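Student: Here it is, the structure in full.
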Amino acid sequence: MNIYLKKSLYTFAMAALFVIRCAQAETGSLIPRSAVYVGLGGSYNTINFANQSTYGKGTSYQPWSISDPFGGPVTGSAAGSTGVNLPTQSQVTPSVQVGFFTHFADSKWMWGGKLSYSYLSSSSAKKNQLIPQSGGFYQDGIYTPFNGNYVVRSYEQAINHQFTLIPIVGRSFERSQVYFGIGPTYSQTKTSINNITGFADIIGIPTSVTGIGNGSYYSSTQWVFGGAAVVGLTYFLDQKWFLDFSYSATMTKNNMTSWGGPWANTMTDGASLTGTNQGTSSGKIMNQALSIMLNKAF
């Protein structure tokens, strides 16, 4: 991530130096013809965890059973998927930005760009999420079907960091500018599967295959691209300091992550069961933000 940020800052610096050297001399306007700026502020965010779904597959192996000492090993598997509805989150978060702008020759119209970073650190969870399962097991060449469920005590999605790179165009007035832009985002998201337990209904009673109290925990962190649109208004307090008010809408791409691992359980009759949990989760994260930033132009 450090390489990505350094490259972006380097690109901004080179572009800013170019436009400053090429810009015409400043007029008497309060707004400079060209400027590089840095800003610090915050935003009010409404974050929606949309189109969430998850798939899970469990496998099991039992070498012997005291209730059937002459039977062979039992191998089974079951799989299924479901949608997940996560609550929308709202919160205030800190943000920083660096950018530049320059005016077209003999015009109040301008162009530029800005790179912003927001520490969102927002998560949404669904307790006691069920993932329906269907499958069966083999013993001595005989296949027996069954249904069941994964029970996830807490299914959680999070977005922690977000970078936004926005080319902008706009128009200057006596003390203010209006602008809009569209560009890419790069966000860190995280999927957490907390305390997942597998149940099978073989004899009419749901039975925990993986074992009560043996729930497994999985998490996966990834960086995903997305897109953003922004409209804004700047107000210059003087030629160096200005306020930047903006509304932005961002959305990550629909991203799929994998989770899973082995499990083991000892039955009441002393037989041992082993197996694996395997799954994928997908979804996208949308954020609407109202931001205010105090900036210094150079």
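What follows is calculated from the coordinates using simple rules that are stated; it is not laboratory data. Given the structure is predicted, the values throughout are model-derived calculations rather than measurements. Note that we place each Cβ from the backbone using ideal geometry, even for glycine, and neighbour counts take in every protein chain shown.
Student: For residue 147, project a label point 7 Å along Cα to C-beta. Then give me every residue of region 118-133 with its amide nitrogen under 12 Å of that point.
Tutor: Residues 132-133 qualify, since their backbone N sits under 12 Å from the label point.
Student: Report, in degrees rounded to the nearest 10, the 0 to 90 angle that the Cα long axis of helix 2-22 makes with the longest principal axis of the chain.
Tutor: Compared with the principal axis, the helix lies near 20 degrees.
Student: Related question: Could you list 156, 174 in order of exposure, starting from the residue whose Cβ has the fewest other Cβ atoms within 10 Å?
Tutor: 174, 156
Student: Further question: Of all trypsin sites (Lys or Arg not before Pro) in region 228-298, which ones are in loop regions per DSSP and have a Cβ with at most 15 other Cβ atoms within 10 Å?
Tutor: Taking region 228-298 and a limit of 15 other Cβ atoms within 10 Å, the loop trypsin sites (Lys or Arg not before Pro) found are 240, 253.
Student: Note down the nm distance, to one decimal, between modelled labels 7 Å out along Cα→Cβ at residue 111 and at residue 154.
Tutor: For residue 111 paired with residue 154, the spin-label model returns 4.9 nm.
Student: Per residue, how big is the convex hull of region 99-208 when only Cα atoms are used? Give it in Å³.
Tutor: So the per-residue Cα hull volume is 157 Å³.
Student: Near residue 253, which lysines are there with a Cα under 21 Å away, not counting those fewer than 8 places off in the same chain?
Tutor: Output for residue 253: 190, 284.
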